[in-house]
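Visitor: Provided herewith is a single structure, encoded as structure tokens, for subsequent inquiry.
Laboratory data are not the source of any read-out in this text; all were calculated from the coordinates shown. The structure displayed is predicted, hence computed values, not measured ones. Quick reminder, even Gly has a Cβ in these numbers, built from the backbone with ideal geometry, and neighbours come from all protein chains shown.
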Amino acid sequence: MKGRHLSDEPITTIVGRPNVTDNMPKAFADKPPLRILLAAPRGFCAGVDRAIRVVEEALRRYGAPVYVRHEIVHNRTVVERLEAKGAVFVDELGGVPDGGHVVFSAHGVPKSVPDEARRRALLYVDATCPLVSKVHREAERHFSAARHVLMIGHAGHPEVEGTMGQLPAGAMTLVQDADEARTVCPPPGNLAFITQTTLSVDDTAEIVAVLRERFPAISGPKHEDICYATTNRQAAVKAIASGSDLVLVIGSPNSSNSQRLREVAERSGAGRALLLPRPEMLDWTVLDGVEVLGISAGASAPEELVGALLRLLGNRYALAVEERRVVDEDVVFRLPAPLA
Ligand code: SF4
């Protein structure tokens, strides 16, 4: 875990028993009991928080519209709220008119994107998470040292596209899983590896072990580049998984870290684990037979969605809510230069 460690055991807090009172109405008292285990940390990370503040501050300073290349973070609730304030989301810079203000998302962008923005004299602010930028710098460092770079990550994810776009074509090879690590044939010469920040800690350890065995001289970080928020949320969901009949992870299907949380929960002993993009999308039949429900949220999911889910559940069940916290986080990133 990365952060202020609390103890070897998660700290359990009884958050509330919202429907258990002595004088509750009969219909209320008849609700079936449901025990909730809340994973902590969960939800927003420092990089997502900063990216949202970047868009809000850009809107405040420059006025609407402020264009945002790609979803600023992978969460529709966040995107829709920023749209309501005047943000306009575009897939590529072609959607930004000359002279427009544009923000690059937290996932990072290939070098070609700021190059194009400069060519078109667009006014841009880069909201790339500093922990992703750190991986970009690692890639450049390896390239300067004439090392071919193996990028461990998932094809098509914007962070991977952004990181691979830091180096000229052919300077990096993508490795997506342990099978690819066993078969990858990099060009002869020195090698290095870097990783996407939102991968499964356990899967990545296996991939790195395969690479280190095949290429003992490979350079790379001591373990991987997985960020503190991904590491901590996976540790927290592990702490609730084995005691839960079902784990719901609030997060979007295109959110890598949310998908990994769901997989980690399932592999760590949860009866079942499902992704829930929004509380109102809950299919109530999944709760049939569930006595203990685990809840977590991906790094791009706001805490209010957890509150909304608990309120929905409280309408049908007598809830007993416990939070299991594995580590305290106090990471905050400053806004980037033009807005700081
Ligand atoms: S998940 Fe990690 S790398 Fe991604 S934005 Fe959050 S802190 Fe940064």
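Visitor: In 5 Å bins starting at 0, how do the alpha-carbon pair distances of segment 46-129 split up by percent?
Guide: Over segment 46-129, the share of Cα pairs per 5 Å bin runs 3, 16, 31, 27, 17, 5, 0 percent.
Visitor: A follow-up question, please. Kirkwood Rh over alpha-carbon pairs of segment 210-330, then Stokes-Einstein at 25 °C and 0.890 mPa s: what D in µm² s⁻¹, rounded to an integer?
Guide: Values: Rh = 15.5 Å.
In µm²/s, the coefficient rounds to 158.
Visitor: With unit charges on the beta carbon (Lys/Arg positive, Asp/Glu negative), name the residue among N75, P221, A121 whose Cα is farthest towards the positive pole of the charge dipole of the chain.
Guide: Going by the charge dipole, the pick is A121.
Visitor: Consider all pairwise Cα distances in segment 138-251 and report the whole-number % of them above 24 Å.
Guide: Percentage above 24 Å: 29.
Visitor: Specify which residue in the list T231, L38, A84 is farthest towards the positive end of the charge dipole of the chain, using unit charges on the beta carbon of Lys, Arg (+1) and Asp, Glu (-1), about the Cα centre.
Guide: A84
Visitor: For segment 171-222, compute the orientation-averaged projected area of the C-alpha convex hull (one quarter of its surface), in nm².
Guide: 3.6
Visitor: Tell me which GluC sites (Glu not before Pro) from segment 78-130 have a DSSP coil assignment and no more than 10 other beta carbons within 10 Å of their own. Numbers along the way, then the final one.
Guide: On the way: sites: E80, E83, E92, E116; in loops: E92.
Hits after loop and neighbour filter: E92.
Visitor: Using the alpha carbon gyration tensor of segment 153-196, what are the three equivalent-ellipsoid semi-axes (square root of 5 times each eigenvalue), largest first, in whole Å? Kindly include the intermediate steps, with their values, before the conclusion.
Guide: Working: eigenvalues 58, 42, 12 Å².
In descending order the semi-axes read 17, 14, 8 Å.
Visitor: Also: In terms of Cα to Cα distance under 16 Å, which aspartates and glutamates are near enough to K134, apart from those fewer than 8 places away along the same chain?
Guide: D126, E159, E161, E224, D225
Visitor: Please list 3J(HN,Hα) in residue order for segment 117-133, calculated via the Karplus relation 6.51 cos²θ - 1.76 cosθ + 1.60 where θ = phi - 60°; whole Hz, with x for glycine and proline.
Guide: Coupling constants for segment 117-133: 4, 5, 4, 8, 6, 7, 9, 10, 10, 9, 9, 3, 4, x, 6, 6, 4 Hz.
Visitor: Still on this structure, I have one more. Under a Cβ-only charge scheme (Lys and Arg +1, Asp and Glu -1), can you give me the dipole magnitude of the chain about the Cα centre, in debye to the nearest 20? Display every interim value, and only then the final one.
Guide: On the way: 39 positive and 43 negative charges, 126 e Å.
Taking the Cα centre of the chain as origin, the dipole is about 600 debye.
Visitor: For N190 paired with T285, estimate the spin-label separation in nm (one decimal), with each label point 7 Å from Cα along the Cα-to-Cβ line.
Guide: Each label point is offset 7 Å from its Cα along the Cβ direction, giving 5.9 nm.
Visitor: Let me ask something else about it. Work out how far the C-alpha atoms of the chain reach from end to end along every principal axis, then list the three figures in whole Å, largest first.
Guide: Principal-axis extents of the Cα atoms in the chain, largest first: 71, 53, 34 Å.
Visitor: With viscosity set to 1.002 mPa s and temperature to 20 °C, compute the Stokes-Einstein D of segment 189-263, Rh being the Kirkwood radius across alpha carbon pairs; µm²/s, no decimals. Show your work: numbers first, answer last.
Guide: On the way: Rh = 13.7 Å.
D = 156 µm²/s.
Visitor: Okay, next question. Which whole-number percent gives the relative contact order of segment 46-129, counting Cα pairs below 8 Å spaced six or more residues apart?
Guide: Numbers: 140 pairs, mean separation 28.5, N = 84.
With pairs under 8 Å counted, the relative contact order is 34 percent.
Visitor: Another question, then. Over the Cα atoms of segment 86-197, what radius of gyration and what Dmax do you get, in Å?
Guide: 15.5, 51
Visitor: Taking the Cα centre of segment 251-336 as origin, work out the dipole magnitude from +1 charges on Lys and Arg Cβ and -1 charges on Asp and Glu Cβ, in debye rounded to 20. Before the final figure, lay out the partial values.
Guide: Working: 10 positive and 13 negative charges, 37 e Å.
Charge dipole of segment 251-336: 180 debye, to the nearest 20.
Visitor: Test of the criteria: in segment 26-116, which trypsin sites (Lys or Arg not before Pro) are in a DSSP loop and have at most 11 other Cβ atoms within 10 angstrom of their Cβ? Please list the in-between numbers first.
Guide: Details: sites: K26, R35, R42, R50, R53, R60, R61, R69, R76, R81, K85, K111; in loops: R42, K111.
Those that pass, being in a loop and sparsely packed, number zero.
Visitor: Ok, one more. Using the 10 angstrom Cβ neighbour count as an exposure proxy, how do E291, E138 rank, fewest first? List each step's numbers first, then the result.
Guide: Details: E291 12, E138 21.
So the ranking, lowest neighbour count to highest, is E291, E138.
Visitor: Now a separate question. Taking Cα atoms, how many degrees apart are the long axis of helix 303-316 and the longest axis of the chain, rounded to 10 and kept between 0 and 90?
Guide: Approximately 30 degrees, to the nearest 10.
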